[in-house]
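The values are calculated or read from the model by the stated rules, or taken from the named source; none is laboratory data. Here the structure is a predicted model, which is why all the values come from computation and not from measurement. For neighbour counting, all protein chains shown are included, and Cβ atoms are generated from backbone atoms with ideal geometry for every residue, glycine included. The protein model used for the area step is the full one, side chains on, heavy atoms only, and it has no ligands, DNA or RNA in it. Shrake-Rupley method; radii C 1.70, N 1.55, O 1.52, S 1.80 Å.
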Amino acid sequence: MSTHALIGRLNGDKSIDYIYCHNDGSPDYIMPPLIQIVNDDKVDYLMALGSISALYDKLDPPEGVKHTFDEPCNGVTIAYHRDRGDDFNTYMAKDEEAFTFLLKGSGIYGYLVDTSKEGEDAIKIIK
């Protein structure tokens, strides 16, 4: 069974852009790569991928290495739009209260990234 998650980025106007992550959304799996993405200042790039199947240490495969949805490169994030050709999907909540409401009773983890902070302090886990 998959552990689903929503990964959101807090914007200056308090709205939240977010994407869906289908697999490995529990804190044990998703926090290490998410912290690295925050530390590498790649949150905007993650959001630009749209919804994902799974988040891994790398957002892109090495140049020249084959990476598709059906044949992913080990340790590389799998994105529905880029890697399978699905429609591009991102979503928006008007504020943290609305983002939290989406998660209430769903069993889905939420991760809210505040890019004005660093490392683990930048990520709020909502369950």
Subject >> Any pair with Cβ under 6 angstrom, 6 or more apart, that starts in region 102-127 at a residue that is within 15 Å of ASP17 (Cβ to Cβ) and ends at one that is open to solvent by 90 Å² or more (accessible area, probe 1.4 Å) >> reply: LEU112/LYS124
Original post:
Restricting attention to region 104-124, which residues are within 15 Å of the chain's Cα centre (by Cα), open to solvent by 40 Å² or more (accessible area, probe 1.4 Å) and closer than 20 Å to GLY12 by Cα?
Top reply: THR115, GLU120, LYS124
Original post:
Do you know which of the residues in region 54-75 that are closer than 21 Å to ARG9 by Cβ and in contact with an Asp or Glu (Cβ under 8 Å, 6 or more places away or on another chain) is surrounded by the fewest Cβ atoms within 10 Å (Cβ to Cβ)?
Top reply: ALA54
Original post:
Does any residue in region 73-99 that is on the phi > 0 side of the Ramachandran plot come within less than 6 Å, Cβ to Cβ, of a residue that is aromatic (Phe, Trp, Tyr) and open to solvent by 30 Å² or more (accessible area, probe 1.4 Å) six or more places away or on a different chain, and which pairs are these?
Top reply: GLY75/TYR56
**OP:** With the checklist (1) open to solvent by 40 Å² or more (accessible area, probe 1.4 Å); (2) in contact with an Asp or Glu (Cβ under 7 Å, 6 or more places away or on another chain) in hand, flag the one item MET47 doesn't pass.
**Re:** (1)
Subject >> Index of the failed condition, ASP83 passing every other in (1) in a loop (DSSP other than H, G, I, E, B); (2) acidic (Asp, Glu); (3) open to solvent by less than 90 Å² (accessible area, probe 1.4 Å) >> reply: (1)
**OP:** Filter the strands (runs of 3 or more DSSP E) completely within region 1-80 down to those with at least 2 residues that are among the small types (Gly, Ala, Ser) and under 22 Å from ASP95 (Cα atoms).
**Re:** 5-10
